[in-house]
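Enquirer: Okay, here's the structure, questions in a sec.
The values are calculated or read from the model by the stated rules, or taken from the named source; none is laboratory data. Remember, predicted model here, so these are calculated numbers, not experimental data. No Cβ is skipped: glycine too gets one built from the backbone with ideal geometry, and neighbour counts run over all protein chains shown. Note: areas computed on protein heavy atoms with side chains; ligands, DNA, RNA excluded. Shrake-Rupley method; radii C 1.70, N 1.55, O 1.52, S 1.80 Å.
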Amino acid sequence: MRKGLILFLVCNLIIIGFLVNFLFTLITLLFEDCSADAIHSVDIPAPNSQLIDSRPQLIPKIIHQTWQNETIPEKWQKAQQSCLDLHGDYEYKLWTNEKARDFVVKEYPWFIETYDSYPYPIMRADAIRYFVLAHFGGIYIDMDDGCNRRLDPLLSYRAWVRKTIPTGISNDAMGAVPQHPFFLRVIENLQTYNRNWHVPYITVMYGTGPLFLSVVWKEYIRWGTTEEERVRVLMPEEYNKNPWSFFAVYKGSSWHSSDAKTIFWMGQHWLFLTVSGFSLAITLYITGFWIYRRLHFRNTNYTEQPSPWWWPRREAAVGAGFKRLPKHEV
């Protein structure tokens, strides 16, 4: 009996260890506040400040955006134009579906099979933004992110992303120098995370989207980085919360389907769901352990002297229909 119990416990520990290892990055991501790499308000000169010109400009003056063709939907034309108007001295690259695929074929042919296999167009749009930042450097901006001020202060960081809610980082506005090690790491991991989870929102988010980027980023910073490898994080106040913030958000999320509402609700109640999940797991574990002991109890020869810690004892055995034994034999 003791061997069977030990085997049961070992199997459960192995399963728990596997799950913890598999989910470790996601669990730690829930408690990540990005404070260690945050770009704070005091770090950024005010618009039109003379201090802007005194800062180094490491990221090249390139703005990247993606759309399926050259015709931008009317609802995003104002957002696009706001960035063009404020950055006349920047190079502007609009990556259409055709241009993006041609670029991958020419520069990264090892990825074209994965690129073509993505089940949703937004996944190719996600992937190409990582590749062009790793290759050319510059700043990527989603079509539904208009520019509220010049982006020059953000050129002083070798790489930056923005914090998102409830946790992690987003991929709708990012900047980097060419060949930055973080974005090289990102494009290397795209094939590893290319799985179909049969839920569109999860497949996109964890395959190429913000959750994928957040997991890779969390693993990237886990053991520390040098200053040249560091990825700075633009906080919400500097993203779009104030008049001096860099971006103005327009209506977007055109790829979201009906499953997104459920995921958004889960994101808003992540703490409740996390606690409930652990509670359910513990309950199932205890229930399984109890069932195991009851089944083992029924097959145990109670004429043998039980171990001191064994439960149920004599009274339970009688209640289950076993012959009552003299006390000195129990």
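Enquirer: What pairs come out if I take residues in the stretch 104-118 that are without any contact (Cβ under 8 Å) to a residue 12 or more places away in the chain and pair them with residues that are open to solvent by less than 40 Å² (accessible area, probe 1.4 Å) whose C-beta lies under 7 Å away, six or more apart or interchain?
Expert: Taking only residues 6 or more apart or on different chains, the pairs are VAL105/ILE112; ILE112/VAL104.
Enquirer: Quick one: would you say GLY207 is closer than 30 Å to ILE52 by Cβ and of a type in the set (Gly, Ala, Ser)?
Expert: Here the answer is no, as GLY207 does not meet what is asked.
Enquirer: List the residue pairs whose Cβ atoms are under 7 Å apart, where the first residue sits in the stretch 35-56 and is acidic (Asp, Glu), the second is open to solvent by 50 Å² or more (accessible area, probe 1.4 Å) and not in a helix (DSSP H, G or I), and the two are 6 or more positions apart or on different chains.
Expert: What qualifies is ASP37/ARG230.
Enquirer: Of all residues in the stretch 182-196 being surrounded by 19 or more Cβ atoms within 10 Å (Cβ to Cβ) and in a helix (DSSP H, G or I), which is nearest to the chain's Cα centre (by Cα)?
Expert: Of everything passing the filter in the stretch 182-196, VAL186 is nearest to the chain's Cα centre (by Cα).
Enquirer: Six or more apart or on different chains, Cβ atoms under 6 Å: show the pairs whose first residue is in the stretch 155-174 and open to solvent by 10 Å² or more (accessible area, probe 1.4 Å) and whose second is of a type in the set (Gly, Ala, Ser).
Expert: ARG162/SER170; ARG162/ALA173; THR164/SER170; PRO166/GLY267
Enquirer: Before we move on, is ILE62 of a type outside the set (Phe, Trp, Tyr) and either over 27 Å from PRO181 (Cβ atoms) or in contact with a His (Cβ under 8 Å, 6 or more places away or on another chain) (or both)?
Expert: In short, no.
Residue-wise test of (1) under 23 Å from GLU74 (Cβ atoms); (2) not in a loop (DSSP other than H, G, I, E, B).
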site: ASP89; (1), (2): no, no
site: GLU98; (1), (2): yes, yes
site: ASP102; (1), (2): no, yes
site: GLU113; (1), (2): no, yes
site: PRO119; (1), (2): no, no
site: ILE122; (1), (2): yes, yes
site: ASP126; (1), (2): no, yes
site: HIS135; (1), (2): no, yes
site: TYR140; (1), (2): yes, yes
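Enquirer: So, one more: Could you list, in sequence order, the residues of the stretch 81-101 that are touching a residue at least 40 places away in the same chain (Cβ under 8 Å), among the polar types (S, T, N, Q) and touching a helix residue (DSSP H, G or I) at 6+ places or on another chain (Cβ under 8 Å)?
Expert: none
Enquirer: Let me ask another. Quick one: in the stretch 197-246, of everything that is under 9 Å from the mean Cα position of the chain (by Cα) and open to solvent by 10 Å² or more (accessible area, probe 1.4 Å), which residue is nearest to ASN148 (Cα to Cα)?
Expert: PRO210
Enquirer: Would you be able to say whether some residue in the stretch 123-140 is open to solvent by 30 Å² or more (accessible area, probe 1.4 Å), within 24 Å of the chain's Cα centre (by Cα) and within 18 Å of THR208 (Cα to Cα)?
Expert: Looking through the stretch 123-140, at least one residue is open to solvent by 30 Å² or more (accessible area, probe 1.4 Å), within 24 Å of the chain's Cα centre (by Cα) and within 18 Å of THR208 (Cα to Cα).
Enquirer: Please determine, by comparing only the residues of the stretch 142-179 that are part of a strand (DSSP E or B) and of a type in the set (Val, Ile, Thr), which one is modelled with the lowest pLDDT.
Expert: Among them, the one singled out is ILE169.
Enquirer: When the stretch 126-151 is examined, which residues are found to be touching a helix residue (DSSP H, G or I) at 6+ places or on another chain (Cβ under 8 Å) and farther than 16 Å from ALA248 by Cα?
Expert: Answer for the stretch 126-151, where residues must be touching a helix residue (DSSP H, G or I) at 6+ places or on another chain (Cβ under 8 Å) and farther than 16 Å from ALA248 by Cα: ASP126, ALA127, ILE128, TYR130, PHE131, VAL132, LEU133, ALA134, HIS135, GLY138.
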